[in-house]
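Values in this text are rule-based calculations from the coordinates and carry no lab data. Values in this document were obtained by computation on a predicted structure and should not be read as measured data. All Cβ positions, even for glycine, are placed from backbone atoms using ideal geometry, and neighbour counts span all protein chains on display.
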Amino acid sequence: MNKLILTTFDWVPEMPRGYVRDIRVRWALEEAGLPYRVNSVPFRERGAEHLLSQPFEQVPWLTDGDISIFESGAILLYLGELSEALMPTEKSSHIEVTEWLFAALNSVEAASLPWSIFQFSGDTIETPGRNHLDDFLKARLKHMEAVLVSREWLTNTFSVADIAMADVLRLIHRFNELAEYPACRDYVERATARPAFIKAHKDQIAHFAAAD
């Protein structure tokens, strides 16, 4: 097997450190014990070469020999195919993990991302649009609370779906918005107590701090 290459920014400001989406890939690689190295691209100057690998000037992307994959969800799905520690091979279980991976990104993060932009910006002005975003997120969290109240993980075993969902919910937890959703909060705390996450988080923080 080729040594996988994870590409992320060389530096980011303090606020997003620990939450840049390469952490999802780092976490998965650590869970699976797959060998990899980290490559950096400039945060401040994102040129044509960057666009060849990531058309939105974002990170991460993963290189495996001649294969290059962008979008954290697509990368998680690819890594799941490389390791049963991330994705079961049995067909029905495989499908269940896949649907929850997509749910994390399309159903929950679709609600949390616009909400989090206001949180990071410090904009607290109430508007009808802002209230609609708040209600949209609360509705998604209500559904996730009902799911997680009786489960340790989204499926029978920890998987890439949990990496995606826990990371999405972790950002909400950062702003103490899981207080009314104890099953979601406990799920995040359970996931982030895993050694693979702890190492991935530590490594990401160190990576960006080294460029200060």
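Among the conditions (1) over 19 Å from residue 83 (Cβ atoms); (2) crowded, with 18+ Cβ neighbours inside 10 Å; (3) among the aromatic types (Phe, Trp, Tyr), the only one that residue 36 does not satisfy is (1). Counting only residues that are hydrophobic (A, V, I, L, M, F, W, C), surrounded by 13 or more Cβ atoms within 10 Å (Cβ to Cβ) and part of a loop (DSSP other than H, G, I, E, B), region 13-30 holds 1 of them. Of all residues in region 177-207, exactly one satisfies the criterion of being in a helix (DSSP H, G or I), buried (at least 20 other Cβ atoms within 10 Å of the Cβ) and out of contact with any helix residue (DSSP H, G or I) (no Cβ under 7 Å at 6 or more places or on another chain), namely 207. When restricted to residues that are surrounded by 16 or more Cβ atoms within 10 Å (Cβ to Cβ) and either in contact (Cβ under 8 Å) with a residue 40 or more places away in the chain or under 24 Å from residue 157 (Cα atoms) (or both), region 55-84 contains 16. Between a residue in region 3-26 that is under 17 Å from residue 78 (Cβ atoms) and any residue that is basic (Lys, Arg) and buried (at least 21 other Cβ atoms within 10 Å of the Cβ), which pairs come within a Cβ distance under 9 Å, given they are 6 or more apart or on different chains? Filtered contacts from region 3-26: 6/26; 8/26.
If you go through region 156-176 and keep only what is crowded, with 19+ Cβ neighbours inside 10 Å, closer than 25 Å to residue 85 by Cβ and β-branched (Val, Ile, Thr), you end up with 160, 163, 168. Reported count of residues in region 144-160, each being closer than 18 Å to residue 176 by Cα and not aliphatic (A, V, I, L, M), is 1.
With the requirement that a residue be acidic (Asp, Glu) and either without any contact (Cβ under 8 Å) to a residue 12 or more places away in the chain or surrounded by fewer than 18 Cβ atoms within 10 Å (Cβ to Cβ) (or both), what does region 85-115 give you?
From region 85-115, those acidic (Asp, Glu) are 90, 96, 99, 109; that's our starting set.
Listed by number, the residues that qualify are 90, 96, 99.
Go through region 4-23 residue by residue and tally those that are touching a strand residue (DSSP E or B) at 6+ places or on another chain (Cβ under 6 Å) and farther than 17 Å from residue 167 by Cα.
So in region 4-23, the residues touching a strand residue (DSSP E or B) at 6+ places or on another chain (Cβ under 6 Å) come out as 4-7, 10, 22.
Checking the rest, the ones that are also farther than 17 Å from residue 167 by Cα come to 4-7, 10.
Qualifying residue count, region 4-23: 5.
One line per residue, one yes/no per condition, for (1) aliphatic (A, V, I, L, M); (2) touching a residue at least 40 places away in the same chain (Cβ under 8 Å):
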residue	(1), (2)
141	yes, yes
160	yes, yes
165	yes, yes
171	yes, yes
176	no, no
193	yes, no
200	yes, yes
209	yes, yes
212	no, yes
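Would you say residue 153 is in contact with a helix residue (DSSP H, G or I) (Cβ under 6 Å, 6 or more places away or on another chain), more than 18 Å from residue 19 (Cβ to Cβ) and either not basic (Lys, Arg) or not in a loop (DSSP other than H, G, I, E, B) (or both)? For residue 153, the condition - in contact with a helix residue (DSSP H, G or I) (Cβ under 6 Å, 6 or more places away or on another chain), more than 18 Å from residue 19 (Cβ to Cβ) and either not basic (Lys, Arg) or not in a loop (DSSP other than H, G, I, E, B) (or both) - is met.
Against the criterion of being over 16 Å from residue 29 (Cβ atoms) and either aliphatic (A, V, I, L, M) or in contact with a Phe, Trp or Tyr (Cβ under 8 Å, 6 or more places away or on another chain) (or both), residue 200 does not qualify. When region 24-44 is filtered for residues that are within 14 Å of the chain's Cα centre (by Cα), closer than 10 Å to residue 4 by Cβ and of a type outside the set (Val, Ile, Thr), only 29 remains.
Does residue 41 fit the bill of being in contact with a strand residue (DSSP E or B) (Cβ under 9 Å, 6 or more places away or on another chain) and either without any contact (Cβ under 8 Å) to a residue 40 or more places away in the chain or exposed (fewer than 15 other Cβ atoms within 10 Å of the Cβ) (or both)? Reasoning before the result, please.
Numbers: in contact with a strand residue (DSSP E or B) (Cβ under 9 Å, 6 or more places away or on another chain): yes; either without any contact (Cβ under 8 Å) to a residue 40 or more places away in the chain or exposed (fewer than 15 other Cβ atoms within 10 Å of the Cβ) (or both): yes.
Considered against the rule, which asks whether it is in contact with a strand residue (DSSP E or B) (Cβ under 9 Å, 6 or more places away or on another chain) and either without any contact (Cβ under 8 Å) to a residue 40 or more places away in the chain or exposed (fewer than 15 other Cβ atoms within 10 Å of the Cβ) (or both), residue 41 comes out as yes.
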